[in-house]
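A.B. asks: Before we start, here is the structure in question, set down as structure tokens.
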Amino acid sequence: MKRSPIEVFSEWATLDKDFGMEQNHKRSVENMLTFALKQNNSFSFIDAGCGNGWVVKKVGENQLCNYAVGVDGSDKMIEKAKTLDPSGSYVCADLMSWYPKKPVDIVHSMEVFYYLENPKELIKQIFDSWLNNKGRLIIGLDFYFENKVSHDWSESCGISNMKLFSENEWLDFFKVVGFQSINSWRFGEKDGWGGTLIITGLK
Ligand SMILES: C[S@@+](CC[C@H](N)C(=O)[O-])C[C@H]1O[C@@H](n2cnc3c(N)ncnc32)[C@H](O)[C@@H]1O
């Protein structure tokens, strides 16, 4: 029987499988951060679906970062993030109903958006309420239509309700919501593996 993403990832946190996920996502996230931080200005940062907080911890150590917060719907992931990074800021909340107290310059998210009830709606909320003017949303996805080897993940991981969209569908979500300077690329593409689909745009 399939379970919700929050149930499954809470179990992963308890079993320490979050550390394997960190290793698997590391190179793609480095690629995303290199792109998002290339301006060299001071910035504030949200990691949407932060897991055990490894990205918030890393970004928080950047001299130019004046504020970083991680949000995740799994209380087990957030407990773990607070243990691994006691001085970091972490919130347990459903991304669909959470709003930051103050808008930020960069919203980052790795391997999260296809688990959401309505990814397009969250992209709109981020545009409307999470980002400063000229702020950037950047997301990384390994589960998407063109990456054929990912198609059975809902079955193999036993996770319900995973949304399989194509690259163009994801790009359309960014466009209709109003993002400008939209870019997408695949990172780490190799035999049979489509790579991480990275999509970004500016408010
Ligand atoms: C594949 S993990 C990625 C975690 C982290 N970004 C990383 O790269 O290690 C997906 C994360 O999204 C969180 N998540 C899924 N749906 C969510 C929702 N509706 N609200 C908040 N978090 C959610 C899960 O709890 C999980 O920690």
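A.B. asks: In the stretch 8-18, what residues are more than 9 Å from the ligand (Cβ to nearest atom) and either hydrophobic (A, V, I, L, M, F, W, C) or more than 22 Å from K57 (Cβ to Cβ) (or both)?
C.D. replies: Correct list: E11, L15.
A.B. asks: Residues that are in a loop (DSSP other than H, G, I, E, B), at negative phi and out of contact with any strand residue (DSSP E or B) (no Cβ under 6 Å at 6 or more places or on another chain): does the stretch 66-78 have at least one?
C.D. replies: Yes.
A.B. asks: Here is a further query. Against the conditions (1) surrounded by fewer than 23 Cβ atoms within 10 Å (Cβ to Cβ); (2) without any contact (Cβ under 8 Å) to a residue 40 or more places away in the chain; (3) within 14 Å of the chain's Cα centre (by Cα), where does N31 fall short? Just the number, please.
C.D. replies: (2)
A.B. asks: N168 passes all but one of (1) in contact (Cβ under 8 Å) with a residue 12 or more places away in the chain; (2) out of contact with any Leu (no Cβ under 7 Å at 6 or more places or on another chain); (3) of a type outside the set (S, T, Y); which number fails?
C.D. replies: Failed condition: (1).
A.B. asks: Under 8 Å between Cβ atoms, at least 6 apart or on separate chains: pull out the pairs that start in the stretch 78-94 with a residue that is within 14 Å of W54 (Cβ to Cβ) and end on any residue that is aliphatic (A, V, I, L, M) and surrounded by fewer than 16 Cβ atoms within 10 Å (Cβ to Cβ).
C.D. replies: What qualifies is I78/V91.
A.B. asks: Taking only pairs six or more apart or across chains, which ones have beta-carbon atoms under 7 Å, a first residue in the stretch 109-125 that is farther than 14 Å from F9 by Cα, and a second residue that is modelled with pLDDT under 95 and within 8 Å of the ligand (Cβ to nearest atom)?
C.D. replies: none
The values are calculated or read from the model by the stated rules, or taken from the named source; none is laboratory data. The structure displayed is predicted, hence computed values, not measured ones. All Cβ positions, even for glycine, are placed from backbone atoms using ideal geometry, and neighbour counts span all protein chains on display.
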